[in-house]
Amino acid sequence: MRTVDYRLNALVDAGLVETAPLAELARHAAENGATLIQYRDKYAKTRQMIERAVEIRKALEPTGVPLVVNDRVDVALAAEAAGVHLGADDMEPETARRLLGTDAIIGLTVKNASDGARAAAAPVDYACIGGVFHTLSKINSDPPVGLEGFRALRRGLKKARPDLPVGAIAGIKLEHVPELIADGADGVAVISAIFHAPDVTKATRDFRRAVDAAIAIRAR
């Protein structure tokens, strides 16, 4: 297991390919403040996913920012990504750890108290609570947990695993950052507010500055 800088997780979703090549978007985000890149693709065939993941990994190499693949341990292995992000219905973290090795990054989605207990006991490097708000970036049958739900889940994780980095995801906008960090988030995961922004460079830098500033205030 390794230490993960979760301050700004930029999610490169396959739907963004109509905007620009995914590898180009990932590199652009990494060069402007993203500390983790997550490749998410719910519809592509395995071969295409591996090809895209390899392209993203290679584009990120000069930046040093790691790539994790959403859901697919097989794709992460084949593309030599840094790790994987698992949802509640994906492979068990223990199995993923055995397959990916001790140095891989493994993240886990937390939507409820049961997920939180699972994350606390699992060999994972970070957890991400969500969805916090409504989002159009993903079809999700679960209602948002909201800020109050986020606080409750964060408290549970903090008590069980104080050193585990915990992020917030879904519908995150720049104005949400100060409160989420104050409520215990170590960072945020963002898609639309960065990659659908008129100026991706500015949006990425603005998020990174906001996260860093909020963390500094919390540390006082």
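The values are calculated or read from the model by the stated rules, or taken from the named source; none is laboratory data. Here the structure is a predicted model, which means the values were calculated and not measured. Note that each Cβ is placed from the backbone with ideal geometry, even for glycine, and that neighbours are counted across all protein chains shown. We work out accessible area using only protein heavy atoms, side chains counted, and drop any ligands, DNA or RNA first. Shrake-Rupley method; radii C 1.70, N 1.55, O 1.52, S 1.80 Å.
Quick look at the numbers
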{"item": "Matching residues in region 120-138 - criterion: being modelled with pLDDT of 95 or more, surrounded by 21 or more Cβ atoms within 10 Å (Cβ to Cβ) and of a type in the set (A, V, I, L, M, F, W, C)", "result": "VAL124, ALA127, CYS128, ILE129"}
{"item": "Unmet criterion (only one of (1) part of a helix (DSSP H, G or I); (2) open to solvent by 10 Å² or more (accessible area, probe 1.4 Å); (3) over 30 Å from ALA213 (Cα atoms)) for MET49", "result": "(2)"}
{"item": "Residues located in region 21-43, provided they are in a loop (DSSP other than H, G, I, E, B), on the phi < 0 side of the Ramachandran plot and open to solvent by less than 20 Å² (accessible area, probe 1.4 Å)", "result": "ASN32, ALA34, THR35, ASP41"}
{"item": "Matching residues, region 168-184, being part of a helix (DSSP H, G or I), in contact with a Leu (Cβ under 9 Å, 6 or more places away or on another chain) and open to solvent by 10 Å² or more (accessible area, probe 1.4 Å)", "result": "HIS176, GLU179"}
{"item": "Residue satisfying condition, being out of contact with any Cys (no Cβ under 9 Å at 6 or more places or on another chain) and touching a residue at least 60 places away in the same chain (Cβ under 8 Å), within set PRO123, PRO162, PRO93", "result": "PRO123"}
{"item": "Meets criteria (modelled with pLDDT under 95 and open to solvent by less than 70 Å² (accessible area, probe 1.4 Å)) for SER141", "result": "no"}
{"item": "Residues located in region 76-108, provided they are under 16 Å from ALA53 (Cα atoms), small (Gly, Ala, Ser) and part of a strand (DSSP E or B)", "result": "GLY83"}
{"item": "Test for ALA160: is it of a type outside the set (D, E, K, R) and within 30 Å of TYR43 (Cα to Cα)", "result": "no"}
{"item": "Filter result for the condition that a residue is assigned to a helix (DSSP H, G or I) and closer than 23 Å to ILE172 by Cβ, over VAL17, VAL12, VAL69", "result": "VAL17"}
